[in-house]
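Structure, as structure tokens:
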Amino acid sequence: MKSALSNYARPILFLTLVVFIAVSVLSLTYQATKDTIEEQQDAKIKSTLQELFPALDTYEYQDSLYTIYSQDDTIGYAFLTSGKGYGGNIDIMVGIENETTLKGILIISQQETPGLGNRITEDWFTSSFAGLSLSDVFLKKDGGAIDGITGATISSRAVVDAVREAAMEKIKAIPERTQAKAGDLE
Amino acid sequence: MSRLRKEFLKGIIISNPVFVLALGLCPALAISISIDNALGMSMGVAIVLLGSNIMVATLRKIVPNAVRIPVFIVIIASFVTIIDLLFQAYFPPLHQSLGIYLPLIVVNCIVLGRAEAFASKNPIFDSIADALGIAIGFMLALLLVSFIRQMLGTGMLTVFGKELLRLPGLASHPMALFVLPPGAFLVIALLLALFRRMGVLKNE
């Protein structure tokens, strides 16, 4: 009887103990890496914004919109958006100068096909967005100003559409923000 | 010592996890589009395999048989999660490009396979030699597949953003099929056939 009990009890206790140790080790690792992971993410955002706005001194993040300051002047806004590509989501950082003009875009992450769709990360493609007015953010074959990538229309269009649609959405928030800020100063 | 050397060397060719045991094919097919990914993935697998083999070999005499597999899985999953957090903290670009395949090491049958088939029956040092051999075999296999796919599929060889080699003609008109999933199956199937033809399997 006693041996039957220990036959059942031993595996249960052993597994519980193993799980307990595993959980403790994991939570220690999580605590130890948490700050570094956050720093890495902040540093990545800062360097991305700096690439879009070389004059950036500081930035402020509120309601998923980055406001970019050079000294005390607002020089633009930026936000993250994502488009549905061929291989998954394409995350894009979009910089806008004002309500109508793009400053530039950067592809943050993507899983497009190497050699085809992943050419959206190449400089000639992303830099063709710089300075465009929002109404021109279409592929050339759709009547806009951007050269699509040969053989990767889905990926190119995903980027173009995501940038335009998100920008249209975000600029609505800008005037209010500026006013709110002016109101704060009084 | 020669026994350890044998356990170490067998993983590289005689029981190469990918080409001979045909284990771990899922990550081998999915991430073998660039040398960077191959290196990152095999580094992850190597650390997990080493850690789990050591733990399993240490516990092999006291693990109750009935909960053997759950215990192994908990050990493996813990190592994978630790690796995932460490990569996220210290190698963010690599973490990004491996994506879901890093956490999926937990279901990589090489790791559980070695725990069950080897480490649970052998002493610690043999298990370390086994883990290192298998990990290197896996790395060589991934590098070989990635090299072929990257060369044919993009026409160039880039490692960590540095362009090492560019094939004229192929770079401007790459055979994109090879970086797509069908290319993975083709390349791995041909390599498996080649290994069989060379008679590597004879000793099994």
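Figures for the structure shown
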{"read-out": "Point-to-point label distance, A:S27-B:I13, nm (Cα→Cβ direction, 7 Å offset)", "value": "5.0 nm"}
{"read-out": "Principal semi-axes in Å for the range A:1-42 [√(5λ), Cα gyration tensor, largest first]", "value": "40, 5, 4"}
{"read-out": "Size of charge dipole - the range A:1-112 - debye, nearest 20, with Cβ of Lys, Arg +1 and Asp, Glu -1, no other charges", "value": "1180 debye"}
{"read-out": "HN-Hα J in Hz across the range A:83-97 - Karplus 6.51, -1.76, 1.60, θ = phi - 60°, x for Gly and Pro", "value": "x, 8, x, 7, x, x, 6, 10, 8, 10, 9, 10, x, 10, 7"}
{"read-out": "At R0 = 41 Å, FRET efficiency that the Cβ-Cβ distance of A:D63 and B:A171 yields, to 0.05", "value": "0.35"}
{"read-out": "Qualifying chymotrypsin sites (Phe, Trp or Tyr not before Pro) in the range B:110-204, DSSP loop, other Cβ atoms within 10 Å at most 15", "value": "B:F160"}
{"read-out": "Top of A:G115, A:G148, A:G95 by mean-square fluctuation, Gaussian network on chain A, Cα under 10 Å", "value": "A:G115"}
{"read-out": "For chain B, built as a Gaussian network whose Cα springs stay under 10 Å, the top-fluctuating residue of B:L143, B:L23, B:L186", "value": "B:L186"}
{"read-out": "Chain B: angle of helix B:124-154 to the longest principal axis, Cα-based, in degrees nearest 10", "value": "10 degrees"}
{"read-out": "Principal axis box of the protein assembly as shown, alpha-carbon based, largest edge first, Å", "value": "80, 58, 34"}
{"read-out": "Dimensions in Å of the range A:1-120 - Rg and Dmax from alpha carbons", "value": "24.4, 82"}
{"read-out": "Heavy atoms of A:K140: accessible area, 1.4 Å probe, square angstrom to 10", "value": "110 Å²"}
{"read-out": "Cβ neighbours within 10 Å from other chains - mean over B:96-102", "value": "2"}
{"read-out": "Carbon/sulfur fraction of accessible area - the range A:1-42, other protein chains in place, 1.4 Å, %", "value": "68 percent"}
{"read-out": "Counted charge near A:T33, where neighbours are those whose Cβ lies closer than 14 Å (Asp, Glu -1; Lys, Arg +1)", "value": "-3"}
{"read-out": "Computed E for B:L186/A:Q71 - FRET, C-beta separation, R0 41 angstrom, nearest 0.05", "value": "0.10"}
{"read-out": "Gain upon complete extension [A:L17, A:S128; 0.36 nm per residue less C-alpha separation]", "value": "34.1 nm"}
{"read-out": "Size of charge dipole - the protein assembly as shown - debye, nearest 20, with Cβ of Lys, Arg +1 and Asp, Glu -1, no other charges", "value": "2780 debye"}
{"read-out": "Value of Rg/Rh across the range A:32-186 [Cα atoms, Kirkwood radius]", "value": "1.00"}
{"read-out": "Where the Cα pairs of the range B:1-79 fall when distances are cut into 5 Å bins, in %", "value": "3, 13, 15, 21, 21, 17, 7, 2, 1"}
{"read-out": "Sites A:E99 and B:V159, calculated FRET efficiency, Cβ-Cβ separation with R0 45 Å, nearest 0.05", "value": "0.55"}
{"read-out": "26 Å tail of the calculated P(r), the range B:66-190, as % of Cα pairs", "value": "38 percent"}
{"read-out": "Nitroxide proxy distance, nm - points 7 Å out along Cα→Cβ at B:A66 and B:S2", "value": "4.5 nm"}
{"read-out": "Cα-based helix-to-principal-axis angle, A:2-52 vs chain A, degrees rounded to 10", "value": "20 degrees"}
{"read-out": "Rounded, prolate or oblate (a/c below 1.5 giving rounded, otherwise prolate when a/b exceeds b/c) for the range B:2-141 by Cα gyration tensor", "value": "oblate"}
{"read-out": "Crossing angle, helix A:173-185 versus chain A [Cα axis fit, 0-90 degrees, rounded to tens]", "value": "90 degrees"}
{"read-out": "Radius of gyration and maximum dimension Dmax of the range B:31-114, Cα, Å", "value": "13.6, 42"}
{"read-out": "Trypsin sites (Lys or Arg not before Pro) within the range A:143-172, DSSP loop, no more than 11 other Cβ atoms inside 10 Å", "value": "A:K172"}
{"read-out": "Antiparallel bridges, percent of DSSP beta bridges restricted to the protein assembly as shown (to nearest 5)", "value": "95 percent"}
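The values are calculated or read from the model by the stated rules, or taken from the named source; none is laboratory data. Please read these numbers as outputs of a predicted model, since none were measured by experiment. Here Cβ is always computed from backbone atoms with ideal geometry, including for glycine, and neighbour counts include all displayed protein chains. SASA here: full protein model, heavy atoms, side chains in, ligands and nucleic acids out. Shrake-Rupley method; radii C 1.70, N 1.55, O 1.52, S 1.80 Å.
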